[in-house]
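The values are calculated or read from the model by the stated rules, or taken from the named source; none is laboratory data. Every value quoted in this text rests on a predicted model; they were computed, and no experiment measured them. FYI the Cβ positions are ideal-geometry reconstructions off the backbone, even for glycines, and counts take in every protein chain you see. The area values use the complete protein model at the heavy-atom level, side chains included, leaving out ligands, DNA and RNA. Shrake-Rupley method; radii C 1.70, N 1.55, O 1.52, S 1.80 Å.
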Amino acid sequence: MIEITSLGSSSAGNAYRITDGNTPLLLDAGLRYKDIQRGLAFRVSELAGCLVSHDHGDHSIAIKDLIKAGVDIYTSSGTADALRIDSHRVHRISALEPFTIGTWSILPFDVQHDAAEPLGFLLANTAGDKLLFATDTYYIKHRFTGLTHIMIECNYSIQILNQNIAAGRVPAVMKHRLLRSHFSLENVKEFIRANDMRRVQEIHLLHLSDNNSDEALFKREIMALTGKQVYVAGR
């Protein structure tokens, strides 16, 4: 049974705890270390590792403190170099090269974002569960089968973004960056249609924009499309 806890999910910071009941992991470390400590009920030492998707601060700011606390970090060489982290606790991983942490078998995969070698992660446990984690990407070229849990960015809606630009609430220049760096509600729908959803139990929508999203709308539309339980990660 996979448990997913959002410690933070917004442009202000992203971090998530997952566990299969045997091996707890942290996905991204974009909150202040003391906030991560609180979110984990001060049980940081129980973490078997932290997977970091990319180098932007809202996903990585606490890495050095986690290393000092004895937590192993798993991230790409591009991310490690961009953050200038070099420690025996930093494990450099590559897209499509699987590795294991405890009861998790993990397959990193490449995603599309304006960062140094960003990654998504497919995590499978010994009970047969499969969790997909993908954030800060405008496209996912890979297809997946047998997923049971999905954690996926749903940053904005193109319709809401266009309305905000027309009303002068959002600068027009923002549109180009969002289209080439973040997953929209429309992207999520396309991803769902292109992948095997038969075993999916839960879908967690991550990293909603403060200005260009609608939490209730996003949840309602993904539930209507999939018939699955949908959660919006807490901000």
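If you take the alpha carbon atoms of segment 162-235 and fit the smallest convex hull around them, that volume is 98 Å³ per residue. Legend: distances between Cα atoms for Lys34/Lys68; Lys64/Lys175; Lys175/Lys219; pairs beyond 25 Å are Lys64/Lys175.
Mind jotting down the distance between the C-alpha centroids of segment 57-83 and segment 173-209, whole Å? Cα centres, segment 173-209 to segment 57-83: 25 Å. Each residue of segment 164-178 is assigned a 3J(HN,Hα), and the resulting list reads 5, 5, 4, 8, x, 7, 10, x, 4, 5, 5, 4, 4, 5, 4 Hz, derived from the Karplus form 6.51 cos²θ - 1.76 cosθ + 1.60 (θ = phi - 60°), x at Gly and Pro.
Give, rounded to the nearest 20 debye, the magnitude of the charge dipole that segment 1-47 has about its Cα centre when Lys and Arg contribute +1 at Cβ and Asp and Glu contribute -1 at Cβ. Dipole size: approximately 240 debye. Using a simple spin-label model with pseudo-atoms 7 Å out from Cα toward Cβ, Thr126 and Leu179 lie 4.9 nm apart.
Accessible area per residue, 1.4 Å probe, Å², for segment 3-232: what's the number?
Here the residues of segment 3-232 average 43 Å² of exposed surface.
Here segment 3-232 exposes an accessible surface that is 46 percent carbon and sulfur, computed with a 1.4 Å probe and the other protein chains kept in place. Note on segment 3-232: with charges restricted to the Cβ of Lys and Arg (+1) and Asp and Glu (-1), its dipole about the Cα centre is near 220 debye. Near Phe144, once Lys and Arg are set to +1 and Asp and Glu to -1 for all other residues with Cβ below 11 Å from its Cβ, the sum equals +2. Rg and Dmax, both from the Cα atoms of segment 123-205 and both in Å, are 15.1, 51. Taking 7 Å steps out from each Cα toward its Cβ at Lys64 and Met1 produces label points 4.1 nm apart. The chain has equivalent-ellipsoid semi-axes of 27, 21, 16 Å, by the square roots of 5 times the alpha carbon gyration tensor eigenvalues, sorted largest first. When peptides 146-158, 75-87 are sorted by average Cβ neighbour count within 10 Å, with the highest value leading, the order is 146-158, 75-87.
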